[in-house]
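Written out below as structure tokens is the structure these notes cover.
The values are calculated or read from the model by the stated rules, or taken from the named source; none is laboratory data. Since this is a predicted model, take the numbers as computed values, not measurements. Positions of Cβ are backbone-derived with ideal geometry, glycine not excepted, and every protein chain shown enters the neighbour counts.
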Amino acid sequence: MRLYEYGRIFVKTVSIVLLVVLTVLMTGFSKQEAKVQNQKLTLEVALFPYVPDRVRFQEAVSDAWKREHPDVSLHFADWDCYASDPDPSIDVFVFDGIYLSSFVEEGYLLPIPREKFRNKEDIIPFALKGCISRGKFYALPQLLCADFLYTRKDDTGLSDVSDIDTLYKRMGDRQTKSVRDGKSVV
């Protein structure tokens, strides 16, 4: 074979290899784009693990979310703010407010624009203030822990409750079978 023929074979081979590489690359990109377009967006969510009746709480969050954002699904992750820092895979998480400044400093939280808050007047002022760090909102208050029970004046069924066992008896049977740390929770 002459040098000329080797050159032609080399050029053809290189052309075919480049074509295969480009085809693989382009196919890979188009598959990724198709995944994003055809796949429903999913948020990874970690709720506070110490809520009473966690299963029912999660269902309530899911139902409310579906009504507002039917095109975005939720996947609930297990995460405990008292045990570890938030995993990078979690998009939205509930944590104890004592960690706010630390989570802001570590970059786990992004500021929430004030205009994104709806019905701020419904939030207890000191709870809302507890969501601010460096002059910006970084969280929304969800739960307020307390070792006391508020009742209405005319609620005679609960007005004399002074311990948790009596409260459980007055509240009646639970609606779910959720268990936390081996003990039933209301």
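Here is how the numbers come out for the structure above:
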{"read-out": "Test: Val36 is modelled with pLDDT under 85, β-branched (Val, Ile, Thr) and within 23 Å of Phe137 (Cβ to Cβ)", "value": "no"}
{"read-out": "Filter pass, Asp91 being acidic (Asp, Glu), closer than 21 Å to Val55 by Cα, assigned by TED's automatic domain parsing to the domain that holds Leu74 and at pLDDT 80 or above", "value": "yes"}
{"read-out": "Of all residues making up the stretch 154-185, the number that are assigned to a loop (DSSP other than H, G, I, E, B), surrounded by 12 or more Cβ atoms within 10 Å (Cβ to Cβ) and at pLDDT below 80", "value": "4"}
